[in-house]
Every structure is written in structure tokens, then in C-alpha cells.
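The block underneath contains the structure these notes are about, expressed in C-alpha cells.
Bear in mind these aren't lab numbers, they're just calculated from the coordinates by the rules spelled out. Just so it is clear, the model here is predicted, and its values are computed rather than measured. Cβ coordinates were reconstructed from backbone atoms using ideal geometry, including for glycine residues, and neighbour counts include every protein chain displayed.
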């Protein structure tokens with residue numbers, strides 16, 4: 001798998017039945033919970049020096065069903081860190097699902113929008129499994145946007161492209177998934193994932209120098225860029 005796949009995932013198409021999208025979001029939460037996807041983002045949050053006397057804002061881009069936001073909110077509560085979480089997603093069906101999924105968490109709110117239309121700034125910006133949906137030029141734009149719109153920095157959690165990851169998730173979802181979206185998109189997501197040198201190229205073109213890239217279990221890269 002030398003080059004990123006340019007094939008679109010089903011999730012990138014506009015015509016998706018709500019019930020099918022909801023099943024997809026439900027299963028993605030299960031995958032991220034059991035394979036440690038949420039934990040990886042939270043481990044990155046721990047590297048930020050939060051002041052318990054201050055309040056912060058955190059925007060999660062392409063928040064989907066809100067599962068990453070909920071996991072981060074649980075962590076923030078347990079550490080008495082005051083964070084106002086904002087989930088941003090282009091799909092209204094995703095936001096509707098997320099609102100229901102995050103009941104009992106008043107510190108989480110949502111906006112239906114393309115992230116590029118958001119003008120406000122946030123202390124921290126996160127994204128999980130979003131960048132692999134983008135073309136290379138769009139990723140560079142996203143990095144620049146995150147750098148401009150974050151006061152403290154941003155965190156990216158996304159896939160490492162390799163054959164073992166592809167075939168592992170392909171067979172796992174083949175046997176256990178009830179979602180045609182997950183069955184199709186999970187292995188394709190890996191094909192659209194990244195190599196470390198590609199991330200280094202994107203950051204170079206975006207003129208962002210202060211960042212770290214670490215490989216994590218479940219074939220993920222976690223990237224932390226601080227101001």
C-alpha cells in the first residue's frame with residue numbers, strides 16, 4: 001500500500017438512510033472503545049497543562065456520533081478540569097444522534113456546519129478519524145485552519161496505512177458488523193490512512209513546526225501540535 005487510496009467511502013456520500021448512519025455510528029463507538037481509539041485521544045489531552053482554576057473550550061471536528069466528545073468529557077470531569085466541548089459536523093443526522101448520545105453532559109454542545117465556515121477560535125481543537133476522508137490539499141488547509149483557530153494547539157487521531165491493519169479490520173467487521181457502511185468503509189479507511197513521512201510533508205507545507213507524531217496501538221497516529 002504505497003499510495004493513499006482516492007476511492008470515496010460510503011460515509012462521504014450524501015444519500016445515506018438515517019437508520020444506516022446510526023448503526024454505523026453505534027459500531028464506530030464500539031470499535032473505538034474496545035480498540036482504544038478514545039483512549040489515544042485522551043492520552044494526548046493529558047499532555048496539555050490544564051489549569052484547574054481556568055475554563056477552556058474544545059472543538060471536535062467531524063464529531064460524528066459524539067463518542068469521542070463524551071469520552072473526553074468523562075475524563076475532564078474525573079480530573080476536575082473545566083472544559084466546554086463543542087462538536088462540529090457537516091451531517092445533521094450525525095448531530096441529532098450525538099445530542100441523544102451525549103444526554104447528561106451539559107458541557108457538550110453541537111454545531112451543524114462545515115468546519116471551514118466556523119469563524120470563532122477555541123483553546124483546543126481535536127479530530128479523530130477525520131483527516132483520512134480528505135484529499136492531501138484539504139489536509140494541509142485543515143492543519144492551517146487548526147493552527148489559526150486554536151489558542152493552545154490541536155490533536156489529530158488518525159489511521160496508519162498498512163496491510164495488516166487493513167485485513168485485520170476487514171475480517172473483524174466481516175464477522176461482527178451489521179452495518180454495510182462499516183464493512184465497506186473500515187478497510188477502505190485504512191487504505192486512505194497515512195505514513196509518518198506524509199504527515200511530516202503536510203506540516204512542512206502548512207509551515208507548522210511545533211508538533212509531535214507518535215504511533216499508537218490499533219494502527220493509529222496521534223499528532224499533537226502546540227502553539
For the chain, averaging the sequence separation of alpha carbon pairs under 8 Å that lie six or more residues apart and dividing by its residue count, the contact order in percent is 24 percent
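For the pair residue 53 and residue 164, what calculated FRET efficiency results from E = 1/(1 + (r/R0)^6), where r is the Cβ-Cβ distance and R0 = 35 Å, to the nearest 0.05?
0.15
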In whole angstrom, the spacing between the Cα centers of the range 211-227 and the range 96-113 equals 26 Å
Under the helix-only model (-39500 (n - 2.57) for each DSSP H run of 4 or more, divided by the residues of the chain), the mean residue ellipticity at 222 nm, to 500 deg cm²/dmol, is -13500 deg cm²/dmol
